[in-house]
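Below you'll find the structure, written out as structure tokens, and then a few comments.
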Amino acid sequence: MSDAKKKNGRSYIVRETSSGKEFELASRSGTTGPDVIDIRSLFTSHGLFTYDPGYGSTASCESKITYIDGDKGILMYRGYPVEQLAGRSSFIEVAWLLLYGELPTQAQLHEFDRSIRTHTMLNETILRLFNGFHYDAHPMAMVAGVVGSMSAFYHDTTDIHDPRHRDIFAHRIIAKLPTISAAAYKHSLGQPFTYPRNDLNYCSNLLHMFFAVPAEDYHIDPVAAEALDLLFILHADHEQNCSTSTVRMAGSSGANPYSAVAAGIAALWGPAHGGANEAVLKMLEEIGTVANIPKFIAKAKDKDDPFRLMGFGHRVYKNHDPRATIIRETCHKVLARLGRNQPLFDLALQLEEIALKDPYFIEKKLYPNVDFYSGVIYRALGIPKSMFTVMFAIARTVGWVAHWREMITDPEGRIGRPRQLYTGPTRRDYVDVSKR
Ligand code: ACO
């Protein structure tokens, strides 16, 4: 009996219909959520693969970090509902929770905060890398490239088997991502880089590095820093999403963790994933007025038109995305507190209302996702569209690192190596070019 079968004692019978041959597959239970059928011996014992493009029914690993129930709209980090964390915690505390599994004591939180604040500076040579990019390079391209290059600078943290190296890497990358991101922004503006200020908290320092210039004082708006902190909590992790799975996959080969995170950044950039926040804003600007909404809804429903309503739909959430609900409320508060009139937010509210009454969106269970409203807040904070996905990457770095650490120390971990259903030509002989 396998370990897996011992876990819950249940098993499933698979019957090959033409021969009647049967075999048994054990299942395993987690602490909550659906059981999994353990198919690890399927190929070696029965010569079969499973087929699941997009991995919609495949658990690629065992994890203790984040739990999602897409039907009920539940998201929990280490068991704590995200609504509670969003209302009462801070991004730095959530980062500790995701990395180490428990809420920190006061002393642990203080020490972690101190460590993050004192790892914010970059090796000066890294800053010079930005000069190799054209001014109009997309910031995601620059951030992915520069993070990928970090392994060339920080050799002292690339021994993945050394827990201390892993810890320093974790603190270092979380601390330096805002500095790298701000440098990408400053490079695109042609402004001098602004160095970090370690007396500021994580999000205030980020705003300082984005918006301060040497020629004048910059006042950090506490409302903006607070809103950013909340957005970062909501974006910090989301179990085995595309970019996190990419980080796990790249890291599973034993690659250094900076490269694995760079791979995650590249995956996040796609418009079906983290690039959606930028795409939502572009879409809202294109829609322009409430009168145009029906035209865009019709385009989204048209099978012959590739257009999709950006910020709508999710692979897992088929009821509502709890993060979108919190962000929508935050939009109201932030815009009111900043005293901004935001026509794009009104347009987004109208678009949501119209779409949610439409039978197409109802039948396909398409609801606003986390990115539908996040761009509206970023815009109100003065962050340009091209930086939206970078903001997402800063927050998600915490999740990527937590998953990478879990993957590296998983005793069942193996190099990620899926199989395939081959439908190409069968064996054939080479024909000399003169005879083709
Ligand atoms: N607008 C219109 N139709 C949609 C949308 C949308 N936004 N999303 C899904 N559909 C339709 C599809 O056309 C498909 O219809 P069909 O069954 O008639 O073929 C059906 O709903 C299911 O869609 P899939 O693409 O199969 O769903 P999947 O789970 O693979 O994709 C995804 C989820 C990528 C998020 C998709 O809903 C989408 O492209 N949304 C827009 C982009 C977006 O907002 N991405 C951010 C996701 S959240 C995040 O990553 C942070």
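The values are calculated or read from the model by the stated rules, or taken from the named source; none is laboratory data. What you see is a predicted model; the values in this text were computed from it and never measured. Reconstructed Cβ throughout: ideal geometry from the backbone, glycine too, with neighbour counts over all protein chains shown. When the accessible area is computed, the model is the full protein with side chains, heavy atoms only, and any ligands, DNA or RNA have been set aside. Shrake-Rupley method; radii C 1.70, N 1.55, O 1.52, S 1.80 Å.
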Anything in region 61-80 that is in contact (Cβ under 8 Å) with a residue 12 or more places away in the chain and either open to solvent by 30 Å² or more (accessible area, probe 1.4 Å) or acidic (D, E) (or both)? List them, or say none. C61, E62, S63, K64, Y67, D69, D71, K72, I74, R78, G79, Y80
Considering only region 395-414, I want to know if a residue exists there that is assigned to a loop (DSSP other than H, G, I, E, B) and β-branched (V, I, T). yes
Tell me which residues, restricted to region 104-127, are assigned to a loop (DSSP other than H, G, I, E, B) and open to solvent by 70 Å² or more (accessible area, probe 1.4 Å). T105, T118, M121
Those residues of region 22-42 that are surrounded by 13 or more Cβ atoms within 10 Å (Cβ to Cβ) and part of a strand (DSSP E or B) come to a total of 7
Positions within region 113-130 being in contact (Cβ under 8 Å) with a residue 40 or more places away in the chain and out of contact with any Lys or Arg (no Cβ under 7 Å at 6 or more places or on another chain), in sequence order: D113, S115, I116, R117, T118, M121, I126, L127, F130
From I220, I233, I265, grab the single residue that is under 29 Å from R88 (Cα atoms), free of Cβ contacts under 8 Å to residues at least 24 places away in the same chain and among the β-branched types (V, I, T). I220
Could you list, in sequence order, all residues of region 52-68 that are within 16 Å of the ligand (Cβ to nearest atom) and in contact with a strand residue (DSSP E or B) (Cβ under 8 Å, 6 or more places away or on another chain)? T66, I68
Pick out, from region 287-376, the helices (runs of 4 or more DSSP H) lying fully within it that include 1 or more residues that are open to solvent by 10 Å² or more (accessible area, probe 1.4 Å), modelled with pLDDT under 90 and away from the ligand (no atom under 11 Å from the Cβ). 322-337, 343-357
Name the pairs whose Cβ atoms lie under 8 Å apart, with the first residue in region 301-314 and over 16 Å from I287 (Cα atoms), the second open to solvent by 50 Å² or more (accessible area, probe 1.4 Å) and near the ligand (Cβ under 6 Å from one of its atoms), and 6 or more positions between them or separate chains? G313/K364
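Conditions tested, residue by residue: (1) in contact with a strand residue (DSSP E or B) (Cβ under 8 Å, 6 or more places away or on another chain); (2) over 29 Å from Y51 (Cα atoms); (3) open to solvent by 10 Å² or more (accessible area, probe 1.4 Å).
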{"site": "A393", "(1), (2), (3)": "no, yes, no"}
{"site": "A402", "(1), (2), (3)": "no, no, no"}
{"site": "T409", "(1), (2), (3)": "no, no, yes"}
{"site": "G413", "(1), (2), (3)": "no, no, yes"}
{"site": "G424", "(1), (2), (3)": "no, no, yes"}
{"site": "S434", "(1), (2), (3)": "no, yes, yes"}
Those residues of region 231-286 that are away from the ligand (no atom under 15 Å from the Cβ) and either of a type in the set (G, A, S) or open to solvent by 10 Å² or more (accessible area, probe 1.4 Å) (or both) come to a total of 14
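This table checks each residue for (1) more than 29 Å from I68 (Cα to Cα); (2) part of a helix (DSSP H, G or I); (3) modelled with pLDDT under 95.
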| site | (1), (2), (3) |
| --- | --- |
| Y195 | yes, no, no |
| A227 | no, yes, yes |
| I233 | no, yes, no |
| V280 | no, yes, yes |
Is it the case that some residue within region 84-94 is surrounded by 15 or more Cβ atoms within 10 Å (Cβ to Cβ), touching a residue at least 60 places away in the same chain (Cβ under 8 Å) and closer than 23 Å to C242 by Cα? yes
How many residues does region 43-60 contain that are farther than 25 Å from C242 by Cα, hydrophobic (A, V, I, L, M, F, W, C) and either open to solvent by less than 70 Å² (accessible area, probe 1.4 Å) or part of a helix (DSSP H, G or I) (or both)? 1
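Being in a loop (DSSP other than H, G, I, E, B), touching a helix residue (DSSP H, G or I) at 6+ places or on another chain (Cβ under 8 Å) and either open to solvent by less than 30 Å² (accessible area, probe 1.4 Å) or not hydrophobic (A, V, I, L, M, F, W, C) (or both) is the filter here; which residues of region 162-193 pass it?
Selection gives P192 alone.
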